[in-house]
C-alpha cells in the first residue's frame, strides 16, 4: 500500500481558519458556554422578531385595565374537562371606601386563545408590512400574560420591545467606546513621553469620577424635547464616554511592551509611517485581550442603561426599556408582593448578564490560558 | 521615602487631577440647558431683587470662565454655596456622605469577612462540593444587578415584616435614646449591606481563590511541606500571606466600585446617601450641589486608592512606595 506522502502545507489563511474553528468548537463543547450562547441567541431572536412574537404593540393600551393582574389562562371548561386555553374579559372596580382597585372576570363569554391571529399592523424589521401575531385573543378581552402597567399596557409585550433597546445598547456602546479606547491607548503608548503623560492624566481624571455620578451628570445635560431615537443615541454616547479610559489604560500598557518587539522596530526602520505601523502591527497584537474585554464590557453597558432608565434619566416613556419598566417597581415598592411581575425585567437583565459573563469566562480560558487564573 | 512624605506627595499629585475633574464637571454642567435659579423664579414669594442678588453672587450674568473662577475661589475658601432648596450645600453633603461612608465601610468589612475564608476554603478544597457551590454563588453574584437584589430583599421584608422597608431610621428616631438609635440604624442597614456585600463578595472570593491556587504551586510552598510543616502553617503562614498582596490593591478599586454600586442601591432602598442626594440635585437642577457631590465622590475615590497603597506597604515590607 502506498500512502499519500504529500507533505501537508498549511498556509497562514488556513491556520487562521483552523484557529477560528477550534475557538468556536471549544466554546461549543463547553456546556456552560453552549447554554449561554443558546440563551443569548434566544434573547436577540426575541428582540428582533418582537412584533410577531407579542400579542400587542409597544404603545397599545387599554385604560380600563390599568394595573390589572396577569390574565388567567383557563384550561378547563364548565364541566371540568380539559380544553383549549381561553380567557375571560376583565372588569375593573374601584372601592370608594378604600380607594383600592379590584379586578374580576366577566364569566359570560369565553375568548379562546388563537394562534397566528391578525392584529395591529406593523413593519417587520422596519421593512415588511405585516399584521400577524403569534398568539392573541379577540377584543374586548385582553391576554396580558404579565399583567398591565398603570397605563394599561401589556407588560409581556413591552418586555420584548424593551429588549430591543436594552440589548442593542451594549453593542452600539462597544462600537463607539472600543475604537476610541484602543486607538487612544495605542497612540499614547506608542508615542510615549509627555504626550503619553498628558493623555493618561486625562484618562485618569475621567476614571476618578465615580462612574454613576458622572453618568447621571451627563444624562442631565440631555435636553427634554428630543425624539426617542435621538435620546437613545446620545445615551449610548454617554455610556461609551465613561467606559473608554479603562480600556485605553490597559491597551497602553500592552503597547508599551509591543512597540519594543523586533517586528515593530523593523517596520519603523524601513520607514513605515507611525499611524500605519500602529494600525497594522501594534493593535492586532492586543486582539485576544480586546475580544475578552468586549464580552465582559457588554454587561456593564446594559447595567448602566438600565440603571439610568430606572431612575428616570435614560430611555423615556412611552418607549420601553427594561430599566424604565423596573421604575414601576421602584415607585411603588409596597405593590411588589401583589404584582411580583414588576421585577421581571430585572430577571431578564440578570439572565443576559449571566450569559455574557459565562461566555467571557470561557472565551478567556480558550483564548488566553495564562489569564485563566489557575483553573 | 518615609510614609508622611509619600502621603504628602500623593496629595500633591491629586491636586491637578482634582482641578481637571472640576473643570470637566463644570463644562459638563454648563453645557446643560439648566437654569439654576428656575426654582427661585417659579416661586412667587421670591422678589426680583433677591433673584438678581443671587444671579450676581453666582456670577450667572458673566461669561463661563469667570463663573468657574468664582466657583473655584469660593470652594477653596470652603464655601460650597447654597442649595436651591435652601440651606448650605456643605451641611447636606456631609450628612449624606457620612451615611454613604458608613454603608460602604460596613459592606467592605463584611465582604472581606466572608470572602477571605470562603476563598481560602475553596482553594484548599479545590473541586470539592463546597468549592463548586461557591463557584455557582459567585457566578450569580457577579451577574446580579444591585437593584434586582434590592427588590428581592424588599419583597422578603414585605412578606415577613422582619426587616424595615427602606430608609435609614424609624419615624420615632428622634425620641429614642442613643443605644436604641444605634440599634435602629443597624437594623435599617441590614438590607443595603446584604445587597452590596453579596454583589461585591463574588469578585473578591474568586480573586482570593485563584491567587491562593497560584501561590500553592510555588516552590517555597513545596519546600515548606517537604520540611514537615503542618498544613495549617503552610497555608496560613506561607501561602496566604503571599497571596493577599494583589488583593489589597483590589481594595482601592472595590471602594470605587462600591461608591457607584451603592448609588443605585441607595435610590431603590430610599437610603439617604450621596448617590440619592446627587440624583436629587440633578433632577432639581441644583448646580452647586451636583458640582460639590461629584468632587466629593472623586476625593473619596482617590483617597480610597491611596489608603489601599498604604495598606500594601504595611502588609508587605518588601514594597517601597515611591
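Could you list B:9, B:285 in order of exposure, starting from the residue whose Cβ has the fewest other Cβ atoms within 10 Å?
Lowest to highest Cβ neighbour count: B:9, B:285.
To the nearest 500 deg cm²/dmol, what mean residue ellipticity at 222 nm is calculated for chain B from DSSP H runs of n ≥ 4 alone, each contributing -39,500 (n - 2.57), summed and divided by the residues?
Calculated at 222 nm, the ellipticity per residue is -25000 deg cm²/dmol.
Contact order normalised by length for chain A, with contacts defined as Cα pairs under 8 Å and 6 or more residues apart; what percent is it?
Reported as a whole number, the value is 19 percent.
Compute the distance in nm between two label points, each set 7 Å from the Cα along the Cα-to-Cβ direction, one at residue B:18 and one at residue A:94.
Once both label points are built, they end up 5.5 nm from each other.
Using Cβ contacts closer than 10 Å as the measure, can you line up B:66, A:291, B:195, A:87 from fewest to most?
The most exposed by this proxy come first: B:66, A:291, A:87, B:195.
For the stretch A:41-78, list residues with backbone N below 11 Å from a point placed 7 Å from the Cα of residue A:332 toward its Cβ?
Under cut-off, by backbone N: A:66-69.
If R₀ is 22 angstrom, what is the calculated FRET efficiency for the pair residue A:317 and residue B:48, using the beta carbon separation as r and rounding to 0.05?
0.05
Assuming 0.36 nm per residue, please report the length gained on full extension of the stretch residue B:75 to residue B:237 beyond their Cα-Cα distance.
53.4 nm
With equal scatterers on the alpha carbons only and no solvent term, can you work out the Debye log10 of I(q)/I(0) for the protein assembly as shown at 0.07, 0.08, 0.09, 0.11 1/Å?
Result of the Debye calculation: -0.59, -0.77, -0.96, -1.37.
How far apart, in nm, are the 7 Å Cα→Cβ label points at residue B:313 and residue A:115?
Modelled inter-label distance: 7.2 nm.
Label point 7 Å out from residue B:95 along Cα-to-Cβ: which residues of the stretch B:184-222 have amide N under 17 Å?
Under cut-off, by backbone N: B:185.
Provide the FRET efficiency to the nearest 0.05 for the residue A:84-residue A:175 pair, computing r from the beta carbons and using R0 = 60 Å.
0.80
Compute the distance in nm between two label points, each set 7 Å from the Cα along the Cα-to-Cβ direction, one at residue B:185 and one at residue A:221.
The answer from the label model is 3.7 nm.
Just A:135, A:60, A:202 to compare: in a GNM of chain A, with alpha carbon springs under 10 Å, which one fluctuates most?
A:202
Calculated from DSSP H runs of 4 or more alone, at -39500 (n - 2.57) each and per residue, what is the 222 nm mean residue ellipticity of chain A, nearest 500?
Theoretical 222 nm ellipticity from helices: -18000 deg cm²/dmol.
Two decimals is fine: what is log10 I(q)/I(0) at q = 0.08 Å⁻¹ for the stretch B:90-315, from a Debye sum with one equal scatterer on every Cα and no solvent?
Each listed q maps to, in turn, -0.37.
What's the exposure ranking of A:325, A:207, going from fewest to most Cβ atoms within 10 Å?
Ordered by Cβ neighbours within 10 Å, fewest first: A:207, A:325.
Assuming R0 = 22 Å, can you tell me the calculated FRET efficiency for the pair residue A:35 and residue B:152, based on Cβ-Cβ distance, to the nearest 0.05?
Calculated transfer efficiency: 0.45.
For chain A, what does the equivalent ellipsoid look like in terms of its semi-axes, each the square root of 5 times an eigenvalue of the Cα gyration tensor, given largest first in whole Å?
They are 50, 28, 17 Å, listed from largest to smallest.
Values quoted throughout were computed directly from the atomic coordinates according to the rules given, and no laboratory measurement underlies them. This is a predicted model, so every value here is computed, not measured. We place every Cβ from the backbone using ideal geometry, glycine too, and count neighbours over all the protein chains shown.
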